[in-house]
Amino acid sequence: MKRSWKGLVVLLLVSAAMVAAWWWQTRTVVAPVRARPVPTAPSAANGSTLRFEPGAPQLAFIRSEAAQQRPEPLVESLPGRITYDEDRTTRIATPLPGRVLRIEVQLGDRVAKGAVLAVIDAPDYAQAVADAHRAELEVLQKRRIYERAKLLIEADVMSQREFDAAETELHESEVELSRAHQRLAALGAGAPDGSLQLRSPVAGIVTERGISPGAQVGPDTERPLFVVSDPERLWVLVDLPEQRLGVFGKGASTLVEVDAYPGRQFSATVTHVGDVVDPTTRRVQVRCRVANPDRALKPEMFARVTPVDAEGIARVRVPSGALVTVGLANYVFVEQAPGVYERRRVTVSVQGRGEAWLADGVRPGERVVNTGALMLNAELSGA
């Protein structure tokens with residue numbers, strides 16, 4: 001009996017050891033197997049030309065685009081900002097405090113001159129209307145007294161002094177009526193119920209609305225209730241470094257570009273050059289007018305403004321990333337065929353922050369590598 005108990009204990013100990021060994025193996029962390037890097041495909045170099053086989057991994061990092069001809073700028077592009085044409089823009093506020101009853105227009109609506117934008121319950125306007133009515137009644141009464149005085153003085157029943165007093169009172173009442181009408185005209189037209197109608201003083205498009213039904217508004221409201229403008233004509237403001245004043249004169253031609261429309265240029269004309277240099281930034285504000293018939297440009301867009309010679313020559317423009325410098329020479333890679341790239345020496349005429357104009361080396365329409373040029377140059381140097 002003792003031997004059977006001893007055998008059972010040994011069996012249990014062996015089983016526990018096996019379970020512990022199995023548990024320990026399941027906890028062992030197996031190190032991930034790292035994938036071997038795919039070797040790059042060899043390129044074939046022939047002088048200044050590189051050739052890659054179809055499907056070569058290098059081709060995934062190369063981007064090219066057709067070179068375009070653009071007017072050569074006088075200087076590099078300068079940062080600018082699109083704004084409203086203030087000659088065609090009005091910011092509308094209420095002349096009196098009150099509560100908004102109705103809003104008659106929405107953003108984007110085209111409105112005519114004098115169109116009602118909103119109706120406001122303004123007690124002061126109702127009081128001004130009442131004052132005008134009272135002045136009209138006063139004029140009617142004073143006119144009747146004056147007409148009666150004329151009959152009495154002709155009949156030699158009234159003294160000249162009393163007649164002169166009646167005439168003076170009539171003129172005073174007419175002056176008061178004129179003043180009341182002028183005040184109403186300055187406040188704007190009103191509705192039949194005596195509420196104030198906020199009208200647009202110009203024709204245009206409602207580009208901003210800072211009003212909501214039931215809101216309390218007044219002359220001291222910070223934000224204008226409405227902005228009515230003509231977005232088909234805008235301004236571009238440029239903070240010009242004083243060193244560049246010689247290339248920005250009134251009437252000069254400029255090209256405007258924005259990030260929203262890559263490759264598209266808008267023609268603009270300088271209409272004003274500031275007369276004062278900012279003592280902090282050492283810059284002068286320049287204002288250009290740009291036509292916007294399709295309303296693609298929006299106020300507060302950032303822009304790049306490039307002054308150009310209206311009668312100057314056009315040159316091939318490429319991104320600055322397409323240029324490769326070797327020693328003192330500049331090169332670009334031109335795609336001859338799929339997977340075939342030729343390195344050409346070029347002469348840079350104007351170098352900007354993000355683009356360059358070439359005097360020679362590339363013809364319009366040829367595909368220039370703008371991404372991956374450094375890698376191609378390294379491949380060519382190591383071949």
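When you check residue 135 against the structure, is it surrounded by 13 or more Cβ atoms within 10 Å (Cβ to Cβ), among the aliphatic types (A, V, I, L, M) and at pLDDT below 80, yes or no? Give the steps one after another, and end with the answer.
Working: surrounded by 13 or more Cβ atoms within 10 Å (Cβ to Cβ): yes; among the aliphatic types (A, V, I, L, M): yes; at pLDDT below 80: no.
Judged against the criteria, residue 135 is not a match.
Here is a list: 271, 254, 306, 281. Which entry is more than 21 Å from residue 367 (Cα to Cα), among the hydroxyl-bearing types (Ser, Thr, Tyr) and in a loop (DSSP other than H, G, I, E, B)?
Answer to the selection: 281.
Please enumerate the residues belonging to segment 318-340 that are closer than 16 Å to residue 366 by Cα and part of a strand (DSSP E or B).
Within segment 318-340, 318, 319, 331, 332, 333, 334, 335, 336, 337, 340 meet the criteria.
Are any of the residues in segment 261-280 at pLDDT below 90, surrounded by 15 or more Cβ atoms within 10 Å (Cβ to Cβ), out of contact with any helix residue (DSSP H, G or I) (no Cβ under 9 Å at 6 or more places or on another chain) and not charged (D, E, K, R)?
yes
Conditions (1) out of contact with any Ser or Thr (no Cβ under 9 Å at 6 or more places or on another chain); (2) over 20 Å from residue 222 (Cα atoms), marked per residue:
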| position | (1), (2) |
| --- | --- |
| 90 | no, no |
| 93 | no, no |
| 98 | no, no |
| 103 | no, no |
| 107 | no, no |
| 113 | no, yes |
| 119 | no, no |
| 124 | yes, yes |
| 129 | yes, yes |
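Table: residues versus (1) closer than 28 Å to residue 117 by Cα; (2) touching a residue at least 40 places away in the same chain (Cβ under 8 Å); (3) of a type in the set (Ser, Thr, Tyr).
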position	(1), (2), (3)
154	no, no, no
166	no, no, no
172	no, no, no
175	no, no, no
206	yes, yes, no
211	yes, yes, no
221	yes, yes, yes
228	yes, yes, no
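What residue, of 343, 315, is more than 24 Å from residue 77 (Cβ to Cβ), assigned to a strand (DSSP E or B), touching a Leu at 6+ places or on another chain (Cβ under 8 Å) and modelled with pLDDT of 85 or more? So that I can check it myself, show each step before the final result.
Working: 315 fails: more than 24 Å from residue 77 (Cβ to Cβ).
Matching residue, one of 343, 315: 343.
The values are calculated or read from the model by the stated rules, or taken from the named source; none is laboratory data. This structure is a prediction, so every number in the text was calculated from the model and none was measured. We place every Cβ from the backbone using ideal geometry, glycine too, and count neighbours over all the protein chains shown.
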